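Undergrad: Attaching a single structure in structure tokens format; questions to follow.
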Amino acid sequence: MRIARYTEGDDPVYGLVDADGKKIAEVTGDPLYQRIELTGRTTTVDEVRLLAPVIPRSKIIGIGRNYADHAAEMGNDVPEEPMMFLVPNTAVVGPDDPVVIPTALTSEVHYEGELAVIIGRMCKDVEPEEAKKVIFGYTIANDVSARDLQRGDGQWARAKGMDTFCPLGPWIETDLDPQDVSIVTRLDGEVAQDGHSSDMVHGVAALISHASKSFTLLPGDVILTGTPAGVGLVDPGQRVEIDIDAIGTLANPFVASE
Ligand code: MG
């Protein structure tokens, strides 16, 4: 099932997207927290503005260096345990929303195409074998990263957490195998990253188990599962598209702040 959050000009609503990614059937309520029912109203993806499919009420947990080829390209070793960082929910934007580069603060912004996991129920100390039960679904993330701040600050709050630095979308796919998807990132149409989630150092079940030992996970929490090799600079005026075959495409233009 594919669940989109969107607006036709008024308040955001949710809908079920068909397999072709073209038609949307509106539902009542928020599927993360409520039972949903079809309203009978239908529209098309082209006629609405898609929004980030989830705005976490609590937290986004990022995972660093979770693909060996990406760790190597940055000159880092693969950490023995998943390396976690937090991103504030104010960083989230949706499909086609601009990522605003604060040019007074950074001159080295990178894209990072990633599979994102959305948690569906409150949980703590989840065993890897039980992890599937707490997953609501999956979407695509761009873990936008200001490398100069990442190096200079010594931790990653600004580098990865600034406003607009966490595009999510285009919708949530509830049924896929998270260790069997291709992740392809294009910069202005040119393929820059071409990875596969089977290459994660720590798979999704291990990430959920690890994170839930430190943090209570709540419905709507998002886990960014790391990026494969091929990260690189993105300048104002460029466009980044991330394809995950089983989900769809997340595309965002990058612009400079005023
Ligand atoms: Mg990342």
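The values are calculated or read from the model by the stated rules, or taken from the named source; none is laboratory data. Just so it is clear, the structure is predicted and the values come from calculations on it, not from any experiment. Here the Cβ is made from the backbone with ideal geometry for all residues, glycine too, and neighbour counts use every protein chain on show. We work out accessible area using only protein heavy atoms, side chains counted, and drop any ligands, DNA or RNA first. Shrake-Rupley method; radii C 1.70, N 1.55, O 1.52, S 1.80 Å.
Undergrad: Keeping to segment 155-170, report how many residues are surrounded by 19 or more Cβ atoms within 10 Å (Cβ to Cβ), in a helix (DSSP H, G or I) and aliphatic (A, V, I, L, M).
TA: Looking only at that region, the number is 1.
Undergrad: Collect the residues in segment 138-176 that are out of contact with any Lys or Arg (no Cβ under 9 Å at 6 or more places or on another chain), aliphatic (A, V, I, L, M) and under 29 Å from A19 (Cα atoms), keeping them in residue-number order.
TA: Listed by number, the residues that qualify are I140, A141, L168, L176.
Undergrad: Also: What residue, among those in segment 16-50 that are acidic (D, E) and open to solvent by less than 70 Å² (accessible area, probe 1.4 Å), is farthest from the ligand (Cβ to nearest atom)? Show your work before the answer.
TA: Here is the first cut: in segment 16-50, the ones acidic (D, E) are 18, 20, 26, 30, 37, 46-47.
Now drop any that are not open to solvent by less than 70 Å² (accessible area, probe 1.4 Å), which leaves 18, 26, 30.
Values: D18: 31, E26: 33, D30: 27 Å.
Filtering first and then ranking leaves E26.
Undergrad: Moving to a separate point now. Given P82, P95, P88, which one is over 14 Å from the mean Cα position of the chain (by Cα) and at pLDDT 95 or above?
TA: P82
Undergrad: Right, something else. What are the residues in segment 223-241 that are within 12 Å of the ligand (Cβ to nearest atom) and closer than 28 Å to R57 by Cα, if any?
TA: I223, L224, T225, G226, T227, P228
Undergrad: Does segment 56-72 contain at least one residue that is more than 15 Å from the ligand (Cβ to nearest atom), surrounded by fewer than 16 Cβ atoms within 10 Å (Cβ to Cβ) and within 23 Å of P170 (Cβ to Cβ)?
TA: Yes, some residue in segment 56-72 is more than 15 Å from the ligand (Cβ to nearest atom), surrounded by fewer than 16 Cβ atoms within 10 Å (Cβ to Cβ) and within 23 Å of P170 (Cβ to Cβ).
Undergrad: Residue by residue through segment 1-13, note down the ones that are within 19 Å of L176 (Cβ to Cβ), in a strand (DSSP E or B) and of a type outside the set (D, E, K, R).
TA: If the condition is that a residue be within 19 Å of L176 (Cβ to Cβ), in a strand (DSSP E or B) and of a type outside the set (D, E, K, R), then I3, A4 are the ones that fit.
Undergrad: Condition test on D148, is it more than 23 Å from K59 (Cα to Cα) and open to solvent by 50 Å² or more (accessible area, probe 1.4 Å)? Before the answer, list the steps.
TA: Values: more than 23 Å from K59 (Cα to Cα): yes; open to solvent by 50 Å² or more (accessible area, probe 1.4 Å): no.
No, not satisfied.
Undergrad: Here's a follow-up. Scanning segment 239-256 for residues that are open to solvent by less than 40 Å² (accessible area, probe 1.4 Å) and not in a strand (DSSP E or B), which turns out farthest from P53 (Cα to Cα)?
TA: Looking at residues that are open to solvent by less than 40 Å² (accessible area, probe 1.4 Å) and not in a strand (DSSP E or B), I get A246.
Undergrad: Further question on the same structure: If I ask for residues that are open to solvent by 20 Å² or more (accessible area, probe 1.4 Å), farther than 20 Å from P253 by Cα and touching a Phe, Trp or Tyr at 6+ places or on another chain (Cβ under 8 Å), which ones from segment 188-199 would you list?
TA: D199
Undergrad: Here's a follow-up. Residue pairs, Cβ under 6 Å, 6 or more apart or interchain, first in segment 208-235 and hydrophobic (A, V, I, L, M, F, W, C) and in a loop (DSSP other than H, G, I, E, B), second open to solvent by 20 Å² or more (accessible area, probe 1.4 Å) and away from the ligand (no atom under 16 Å from the Cβ). List them.
TA: From segment 208-235, the pairs are L218/S58; L218/M122.
Undergrad: Shifting gears a bit: What are the residues in segment 134-149 that are assigned to a strand (DSSP E or B), within 14 Å of the ligand (Cβ to nearest atom) and hydrophobic (A, V, I, L, M, F, W, C), if any?
TA: At the first step, the residues of segment 134-149 found to be assigned to a strand (DSSP E or B) are 135-142, 145-146.
Filter once more, so that each one left must be within 14 Å of the ligand (Cβ to nearest atom): 140-142, 145-146.
Those that are assigned to a strand (DSSP E or B), within 14 Å of the ligand (Cβ to nearest atom) and hydrophobic (A, V, I, L, M, F, W, C): I140, A141, A146.
Undergrad: Also, quick follow-up: Which residues, taken from segment 101-117, are open to solvent by less than 20 Å² (accessible area, probe 1.4 Å) and either polar (S, T, N, Q) or more than 20 Å from A251 (Cβ to Cβ) (or both)?
TA: T106, V117
Undergrad: Does D125 satisfy the criteria of being open to solvent by 30 Å² or more (accessible area, probe 1.4 Å), in contact with a His (Cβ under 9 Å, 6 or more places away or on another chain) and of a type outside the set (S, T, Y)?
TA: Considered against the rule, which asks whether it is open to solvent by 30 Å² or more (accessible area, probe 1.4 Å), in contact with a His (Cβ under 9 Å, 6 or more places away or on another chain) and of a type outside the set (S, T, Y), D125 comes out as no.
Undergrad: Scan P53, P98 and give me the residue that is open to solvent by 30 Å² or more (accessible area, probe 1.4 Å), under 28 Å from L16 (Cβ atoms) and touching a strand residue (DSSP E or B) at 6+ places or on another chain (Cβ under 6 Å).
TA: So the residue among P53, P98 that is open to solvent by 30 Å² or more (accessible area, probe 1.4 Å), under 28 Å from L16 (Cβ atoms) and touching a strand residue (DSSP E or B) at 6+ places or on another chain (Cβ under 6 Å) is P98.
Undergrad: Here's another thing I want to ask about it. Only one residue in G195, G152 is touching a residue at least 12 places away in the same chain (Cβ under 8 Å) and not in a loop (DSSP other than H, G, I, E, B). Which one?
TA: Details: G152 fails: touching a residue at least 12 places away in the same chain (Cβ under 8 Å).
Going through G195, G152 in turn, the sole match is G195.
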